[in-house]
Every structure is written in C-alpha cells, then in structure tokens.
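What follows is calculated from the coordinates using simple rules that are stated; it is not laboratory data. Note that this is a predicted model, so its numbers are computed, not measured. Note that each Cβ is placed from the backbone with ideal geometry, even for glycine, and that neighbours are counted across all protein chains shown.
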Amino acid sequence: MQETKRIANEVFFFSELQDGKLNALQQLFDMYYRPLCSYAHRIVEDKCLSEDIVSSSFDKIWRRRNHFDNLNSLVAYLYTITKNASLDQVSLLKRRKTVHQQIAYLLDQNEDIIHNKMIRGEVLKSILAETETLPPKLKEVFGLIYLDGLSIPRAAAKLGVSVNTIKTQQSIALKKLRGSLQRK
C-alpha cells in the first residue's frame, strides 16, 4: 500500500513539475540540492563553484522539464548534467592553471632577457668608454673589427697594413681594455 502511495505521489509531483508549478520545482530543489552539491564538490573541490554548478543544473532541468518520461529519468539527468558540468569546470581550471604557469614562465624569461640586455648595455657602455683611452691606431683597429664588423683581412686592406699587424693591434687593444675594465 505504501509503495502504491509513493508512486502516486511521484506521478502527481512529476505532473506538477511538467506543468511548470514552481512549488514542484522548490520541492525538487529541496530534495536534491544538498546531495547534488556534495556530489559536485567531490569533483571540483570548491564549495561555491559546486553550488553554482548545481544551481545551473536546476535551471537546465526546469527548461527541459517536458522532455522526461518520469521522475527517475529527470533525477538521473540532473545528476548527469551536474557531473558533466563539474568535470568541465575541472578541465577549464586545469587549462587556466597551465596558461597561468606559461605566462608566469614567459614573464620570468622576459625579465631575465631584459635584465641581461641591461647588463650587456652597461658592459658595452663601459667598453666604449674605455676604447676612448686607447691610442689612435688601436682604437681604429678595434672600431673596424668590433664596431663596424669587418673581418681582419678587410680591416687590413682598408688600413693598408698586413693581416699580422691587425692581429697584433687587436690583441694589444683587447689586453688594454681587459686590464682597464678589471681595475674598475
């Protein structure tokens, strides 16, 4: 007898729900909200997010209430969409975390690059300042090779001297620059 009464109540309740009665939706909400929140929370591990997911699931059920044959199929669907939405959120959060990690890595890399460029700029500034103290011929050889990018044979041809002379003057210029930069 009780089983017949329970089934009759479910049929009546389901009929009320399909007819769009808000009190039926409220009863459904009262019966399943907490269990669904608990279910979603086990997946997403975030109370507020699980509550949002469940609320959204009830909204979907309400809009699709006429697509179900009975209360059991509606409740099964409610659990299914809650699970799928929870899994989607977990996937989205993982993608966001990966993107945030990649951005953080790139920002760190950019900071290192910028820092290295600043250091390189300071070193070049010091080297150029020290080249001003070199004797004129050494300064000219240094400038042709390191600033103008000429090869040793081309620098020799431009100055009308031998390759060995350029190599010697280059070596002397580098030694003088190293010595003066190390003293700083």
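Might you let me know whether segment 123-132 holds any residue that is among the polar types (S, T, N, Q) and either surrounded by fewer than 12 Cβ atoms within 10 Å (Cβ to Cβ) or more than 19 Å from residue 180 (Cβ to Cβ) (or both)?
Within segment 123-132 (the criterion being among the polar types (S, T, N, Q) and either surrounded by fewer than 12 Cβ atoms within 10 Å (Cβ to Cβ) or more than 19 Å from residue 180 (Cβ to Cβ) (or both)), the answer is no, since none of the residues qualifies.
Looking only at segment 42-57, filter to residues that are in contact with a Cys (Cβ under 8 Å, 6 or more places away or on another chain) and of a type outside the set (D, E, K, R); which one of those is farthest from residue 82 (Cα to Cα)?
Per the stated criteria, the residue is 50.
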